[in-house]
Structures are given as structure tokens and as C-alpha cells.
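**Q** Can you keep this structure in mind? I'll have questions shortly.
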Amino acid sequence: MGGKILLSSSSSIDFMIHGLISYKIFGQEVWITTSHVCILIVMLVLIGFSFVVKHKMKAATDVPDGFQNVAELIVEFLDGVVRGAMGDNAPKLVNYISTIFLFILMSNISGLFGLRPPTADYGTTLALGLITFFMIHITQFRYQKPKQIWVDMCSPLPPWLPIWFPINLISEVAVPISLSLRLFANVLSGTVMMALVYGLLSKIAIIWPAALHVYFDLFSGAIQTYVFCMLTMTYVNQQMATE
Amino acid sequence: MNITGQDLILACSAIGAGLAVIAGIGPGIGQGIAAGYAASAVGRNPGAKGDIMSTMLLGQAVAETTGLYGLLVAMLLLFVKPLAG
């Protein structure tokens, strides 16, 4: 058992993560997997896109045309989403939220282009969830006094009776776990369904799987991206709003 | 035909996986209720359709989490086989 079994694949149905190169670090065997490669591809596409946008925007015109239209549409949409969820606090988080929005969206729909979605690896989504977790608590300590935080953590009971404290602590720790598992399980279920369709029904899987791709990759991926960003913004905004 | 302990564990894992995805009932009912109330809200106030849609999708995605936990348990039992030695 252990790490090996996760890296192995079973017969013709193939949706597992494959190890490509292994190396030893501090006596520990570490694998470079297909997830790393897919993340790298997604990142390169996004970086290339942003360089093209930057180059085009130097010669921006008053009346947008073609490519400039697309770029402005994306930026305006993301601005609107963040402003709708955070109100006046939007400028503090709009850059981060836009970045992870584009990254998660590209990761989720990369299944369309034959990659294994990087977000179908728990390592990726746990990292995203932990970033949100630390963001929530750093914001909490910056915007609230320690006494207020203690009162909040003992919340249904008075602060001199911290019986409820452990339960509140667990519910705080559950935030990154449920955030990351939600994204991971949704993308993984789509990946597994598509692998089952192509693996078991390979004889008759001609054109109709395209409809499944639209649902599992595009629709589900976009919804989960939106939900992840929305929840991150809601949690962080909650900590900023409490005075 | 001999049934070894290993076979028994695999068979029980498959049954357990099937039982685990029954967790999908809860989110199904919950999402249906959310969609129903969203539909009645749109009926009462068609102007707020965009806000209602985004709130509904957010709530449904959060409600979906428990069902996904069941799905994860089923997948672990079927593909990772943590109980088979």
C-alpha cells in the first residue's frame, strides 16, 4: 500500500495520476506527476495570454476591437463579480481573486484539451484551500482586536465560559477541507465519468460524449470555479466587515 | 470455489461503495428544494433573476458537498482499496 497504489492504473479505464520522474530528497521518494506537467501547461497558457494582452493594450484604442474586446470583457466580468461580493473591500482582493478564477477555470476545462485536470489532484485543491484559510485568519488578525476574536470563538456562550471553543475551532479548520474537497470531488467525478465513457463504451463513443463534455467540463467546471471564488470572498469579507 | 479473506474484503468494499453513494439522496432533495424556491422567487420578482440564479447556484454547490463526500468514500473503496492489504 502507500503512495504507489495511487500512481498505478487499472486496465483500460485510466483516470489516475501517473508518475513521470522520481527523485530522492532527504531520503524521501518524490514524484513529478502528470498533474505537475498539466499545471505547468495551464500556467504557460495563462502567462502567454497575459503577455499578449499586455502587448495589445499598449496600442489600445478608444473603440475596442477584436482582441481588446475580449480582454476588457474578462476584466469587467471579474471586477463585477468581486465588487458584487465584497462591495467597498473589492480593490484589496480583486487581483488575487481574478488570478485564481482564471487558473481554476483553465484547470477545470483543460479536460477538454486532453489533459488530466490539475484540480482533480487533491494536492492542488488543498493548496488553494490553505491559501484561503491563511488569508481568512491573517485578515481576521489585521482587522479585529484579539479580545473580539476570543469572544467570537466562544460565540454562543459568554467569553468566560469557553466550552464552545473547541467546536468553533473544528468548524474553522473544516473550512479549507470542505472548500478543497468540494472542488476536488466535482472535477474528479467529471474526470472519472469521462474515463468510464471512453473506457467502457469505446465502441459506441463517437460524437455524443461531446454533450457530456459540455456538462462535466464546461458547466460543472465554471460553477465550481465561481463557487470557490465566491466562498473565498465571502469568508474574507466577513472578517473585514466586523468592527 | 474457494472464497479467500481478500475476496471477501473486495466484495464488501464494493457493497460499501454502493451504500456510500446513497448519500446522494440528501443533496438531491436539498437542491430540488432550492431550485423550487428560486423558481417561485423569479415568479414573484422577475427583475432579480440574475441575483437569484447566482445565490441559488452558490447554495446548491454548498449543499452538494455532503453528497460528494459519499462519492469520495465510494471512489476510495473502489479504486484505492484501503482495506485490502
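The values are calculated or read from the model by the stated rules, or taken from the named source; none is laboratory data. Keep in mind that this is a model prediction, so the values were computed, not measured. Here Cβ is always computed from backbone atoms with ideal geometry, including for glycine, and neighbour counts include all displayed protein chains. To get the accessible areas, we keep the full protein, side chains included, count just its heavy atoms, and leave off ligands, DNA and RNA. Shrake-Rupley method; radii C 1.70, N 1.55, O 1.52, S 1.80 Å.
**Q** Could you order A:145, B:49, A:203 so the one with the most accessible surface comes first? Probe is 1.4 Å.
**A** Highest to lowest solvent-accessible surface, that is A:203, A:145, B:49.
**Q** Does chain B come out rounded, prolate or oblate by the C-alpha gyration tensor, with a ≥ b ≥ c the root eigenvalues, rounded set by a/c under 1.5 and, if not, prolate when a/b is larger than b/c and oblate if not?
**A** It comes out prolate by the Cα gyration axes.
**Q** Then there's this: Arrange the residues A:67, A:51, A:26, A:77 by how much accessible surface each exposes, largest first, with a 1.4 angstrom probe.
**A** From most exposed to least exposed: A:26, A:51, A:77, A:67.
**Q** Using a 1.4 angstrom probe on the protein heavy atoms only, could you order A:226, A:23 from most to least accessible area?
**A** Largest accessible area first, the list is A:23, A:226.
**Q** Need one number: buried accessible surface between chains B and A, 1.4 Å probe, both sides summed, DNA, RNA and ligands left out, in Å² to 100.
**A** 1600
**Q** Could you compute the FRET efficiency for residue A:13 and residue B:42, with r as their C-beta to C-beta distance and R0 at 35 Å, rounded to 0.05?
**A** About 0.25, to the nearest 0.05.
**Q** Next question, about the same structure. So which chymotrypsin sites (Phe, Trp or Tyr not before Pro) in the range A:93-160 pass both tests, a DSSP loop state and at most 14 other Cβ atoms within 10 Å of the Cβ?
**A** Sites meeting the loop and neighbour criteria: A:160.
**Q** Any idea how far apart residue A:22 and residue B:79 come out in nm if each label point goes 7 Å out from Cα toward Cβ?
**A** 2.1
**Q** At a Förster distance of 25 Å, what's the computed FRET efficiency of residue B:29 paired with residue A:168, Cβ-Cβ distance as r, to 0.05?
**A** Between residue B:29 and residue A:168 the formula returns 0.30.
**Q** Over chain A, what is the mean sequence separation of C-alpha contacts under 8 Å (at least six apart), divided by residue count, expressed as relative contact order in percent?
**A** Once divided by the residue count of chain A, the mean separation gives 24 percent.
**Q** Taking only protein heavy atoms into account and a 1.4 Å probe, give the accessible area per residue of chain A in Å².
**A** Averaged over the residues of chain A, the accessible area is 58 Å².
**Q** Next question, about the same structure. Can you list residues whose amide H is under 5 Å from residue A:33's amide H, if they're 5+ apart or on another chain and H is modeled 1.01 Å from N?
**A** Placed amide hydrogens put A:20 under 5 Å from residue A:33.
**Q** How much of residue B:56 can a 1.4 Å solvent probe reach, expressed as accessible area in Å² and rounded to 10?
**A** 40
**Q** Next up: Across 10 Å bins from 0, what is the distribution of all Cα-Cα pair distances for the protein assembly as shown, in whole percents?
**A** Pairs per bin, as whole percents: 5, 19, 29, 26, 15, 5, 1, 0.
**Q** Rounded to the nearest 500 deg cm²/dmol, what is the calculated helix-only ellipticity per residue at 222 nm for the protein assembly as shown, with -39500 (n - 2.57) per DSSP H run of length n ≥ 4?
**A** After summing the helix terms and dividing by residue count, I get -23500 deg cm²/dmol.
**Q** Now a separate question. Go ahead and run the numbers for FRET between residue A:56 and residue B:1, Cβ-Cβ distance against an R0 of 56 Å, rounding to 0.05.
**A** 0.20
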